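The values are calculated or read from the model by the stated rules, or taken from the named source; none is laboratory data. Computed from a prediction, not measured in an experiment: that's the story for all the values here. No Cβ is skipped: glycine too gets one built from the backbone with ideal geometry, and neighbour counts run over all protein chains shown.
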Amino acid sequence: MNLELTKEQNISMFLDTFVYMDQISEEWNKQDINYIVNNIDISDLEEDQKVAYDAVRAFISKNPELGELRVAFQSETMGEEYIGAKATAFYSVDENENPLDLYVAYRGTGDMRWYDNGEGLACVSTPYQENGSKFFDYVAENFNNAGGIEDLNVVITGHSKGGNIAQFTTLFANNAYLIDSCNSVDGQGFSPEAIDYIKDKYGEAYYQQQIQKMTSICGNNDYVNGLGITVIPQEKTIYINSHTEMLDLVGGHTITELYSYELGENNEKIFNGNINEIVEEQEELAVFVKKLSENIMKLDPESRKKSCVTIMQVMENMDGGKTGLLGEKANIDDYISFLKLGSFSILYTNTQEEFSKVVIRELTEKEIEKALKDMPESEINAYFTVSILLMKIMALNKVEGKVNDTLAYITCIGINLEKTKNKIDELVAANVEYGMQTLSYCIEVHNMSILILEVAKLMLDKNYASQKKYISDNPIIEIDTELMDELADRLERVNMKLLDIDFKIDGLYKKVGFTDFKRLLNLLRADIGVSYDLTLERCVEYMRGTAEEFRKVESEIVNMTS
């Protein structure tokens, strides 16, 4: 074990990795980890589960006592009441089979829970946070034949979303006072509303007492732990060297990258059972995202929620999902709110923070070099990469006049391109056609942003001027109720067709993947615009309701005249 981490912290990271194998079965209850690991059919494991399996086995080989921990409860075998908790309770025993330590480990993000992350940055609590807290209360009240856990060493832990739920449980659970320590690995923070709520309900003294039980263990290149308002004190924060590249967004937030390993002949990871060395500071990307989060946190709660769930919805889409476990998903209003305000926070962060400029310049230089190097083999990917770097360059340069556009981040790509003249000249010199494609793409995105802006203006129009003018010009209204019912039926069929197309689009994400950025952008454009439309649904309800109301009035008039 890494001597710079405590025994509990090492065990916490081990269990956080174990739950990523997703071994959910009632037959594992009361069994120890050795039994489970030895009875897993590794041919059934997906790639990331296999990596977790290898890391777990390496840990056990160096620390045999870890394999003796036993499973007590698994939330996913306990019904809908704990949906989204993704939690497992483990325990150790002494030589007389008396329980000593109780660990509750919450699985990280994935499995249709991205949207909930966004909600957690704008709400007091989310369904999955509440269910995670409820699971701990169940364990506290039912473990050891309901004999109580007051005399046990109680530790809760989790990676990523699991780390956030672990923190939430330490603050919000009914039995939170029984928790001795909480180890959050790469876990995000909370909304201002959540912190205000817990302080108002239990007082400042309770809040300070509980956060002192927490430790944040983060990869030095992890960007998730800085999201939201951080509650864990800085002096209780540990950074572990992940040895990942600055732009490795997947590796930077993967728990197994915090473990020491070598690459085998087939590029497989061969773990040695150790955790990487502790370092003093985070990498630039992690610092940049934290500053970005601080700016997004300044938005009002409703705009913040819409912006955050939109970002997380994109992450859900790229993870192969579409809706959450409870059917939650971002809608077009969320996307528009993000474009209006969330994207401006991104632009503001890029242009106002000096350290962010330095970070992005470094990233940009690397991207230019890589894009030009890769261009012959993958022209489309390189072409999109340079388009993105132009966006970053525009963010770094001062845009003439004030940026008041509701789509500031997107629109800034298409304005004042002279400010990127030197970079464009370099691209054109390297490949004339390539450089012109990039310019053409920027103009295309700019035109698209103008179109989206016009649509947004129509959707957000509060004056209903056109409707008022129509009523003024047409004081006598004649309604064909049968035709209105027929049109409502047709609109409903259109909506169901949109839903069918939406599901087919969802199936394309895994085929497109992360590398073909141009096709991914086109897919996101289509996905944003094609889905079951609540506006159409309201139109259907309005038309049917109006037709019914007119029939009632007509019937009343007929009865009166007869």
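Selection of first residues in the stretch 257-269 that are in contact (Cβ under 8 Å) with a residue 40 or more places away in the chain and in a strand (DSSP E or B) and of second residues that are hydroxyl-bearing (S, T, Y) and crowded, with 17+ Cβ neighbours inside 10 Å, restricted to Cβ pairs under 7 Å at least 6 apart or on distinct chains, gives the following pairs, ordered by first then second residue: K269/Y261. Taking I195 as the residue in question, decide whether it is of a type in the set (A, V, I, L, M) and either closer than 16 Å to T88 by Cα or not in a helix (DSSP H, G or I) (or both). So I195 fails the test. Of the residues in the stretch 183-193, none is over 17 Å from V124 (Cα atoms), in the same structural domain as E257 (by TED's automatic domain parsing), at pLDDT 95 or above and surrounded by fewer than 24 Cβ atoms within 10 Å (Cβ to Cβ).
Taking first residues from the stretch 22-40 that are in a helix (DSSP H, G or I) and partners that are among the hydroxyl-bearing types (S, T, Y), the Cβ contacts under 7 Å between residues at least 6 apart in sequence or on separate chains come to E26/T77. Does the stretch 1-54 hold any residues that are closer than 26 Å to S184 by Cβ and among the basic types (K, R), and which are they? Those that are closer than 26 Å to S184 by Cβ and among the basic types (K, R): K7, K50. Restricted to the stretch 1-20, and to residues that are closer than 15 Å to I238 by Cα and buried (at least 23 other Cβ atoms within 10 Å of the Cβ), which residue is nearest to the chain's Cα centre (by Cα)? The selected residue is M13. Inclusion of E283 among residues that are out of contact with any strand residue (DSSP E or B) (no Cβ under 7 Å at 6 or more places or on another chain), under 25 Å from T17 (Cβ atoms) and in contact (Cβ under 8 Å) with a residue 60 or more places away in the chain is warranted.
Residue check: is Q23 in the same structural domain as N144 (by TED's automatic domain parsing) and surrounded by 15 or more Cβ atoms within 10 Å (Cβ to Cβ)? In short, yes.
Pairing each residue of the stretch 287-304 that is outside the structural domain of F190 (by TED's automatic domain parsing) with any residue that is in a helix (DSSP H, G or I) and at pLDDT 80 or above, provided the two are 6+ apart or on different chains, yields C-beta distances under 8 Å for M297/P192; P301/E193.
Here T157, T126, T170, T109 are screened, and the one residue that is of a type in the set (V, I, T), touching a Leu at 6+ places or on another chain (Cβ under 9 Å) and either in the same structural domain as E257 (by TED's automatic domain parsing) or surrounded by fewer than 18 Cβ atoms within 10 Å (Cβ to Cβ) (or both) is T157.
The listed residues are D94, D54, D44, and the only one of them that is surrounded by fewer than 17 Cβ atoms within 10 Å (Cβ to Cβ) and either out of contact with any strand residue (DSSP E or B) (no Cβ under 6 Å at 6 or more places or on another chain) or closer than 23 Å to N276 by Cβ (or both) turns out to be D44. Consider the stretch 503-562 and keep the residues that are among the β-branched types (V, I, T) and closer than 30 Å to V250 by Cα. The one that is modelled with the highest pLDDT is I505.
Residues in the stretch 257-270 that are of a type outside the set (D, E, K, R), out of contact with any Asp or Glu (no Cβ under 6 Å at 6 or more places or on another chain) and surrounded by fewer than 21 Cβ atoms within 10 Å (Cβ to Cβ): S260, Y261, L263, G264, N266, N267. Given the criteria in contact with a Ser or Thr (Cβ under 8 Å, 6 or more places away or on another chain), within 21 Å of V19 (Cβ to Cβ) and among the charged types (D, E, K, R), does K269 qualify? In short, yes. In the set (1) part of a loop (DSSP other than H, G, I, E, B); (2) modelled with pLDDT of 75 or more, G327 fails one condition alone, (2).
Give just the number: which of (1) more than 21 Å from D151 (Cα to Cα); (2) buried (at least 20 other Cβ atoms within 10 Å of the Cβ); (3) of a type in the set (S, T, Y); (4) in contact (Cβ under 8 Å) with a residue 60 or more places away in the chain does S61 not satisfy? In the conditions (1) more than 21 Å from D151 (Cα to Cα); (2) buried (at least 20 other Cβ atoms within 10 Å of the Cβ); (3) of a type in the set (S, T, Y); (4) in contact (Cβ under 8 Å) with a residue 60 or more places away in the chain, S61 misses (2) alone.
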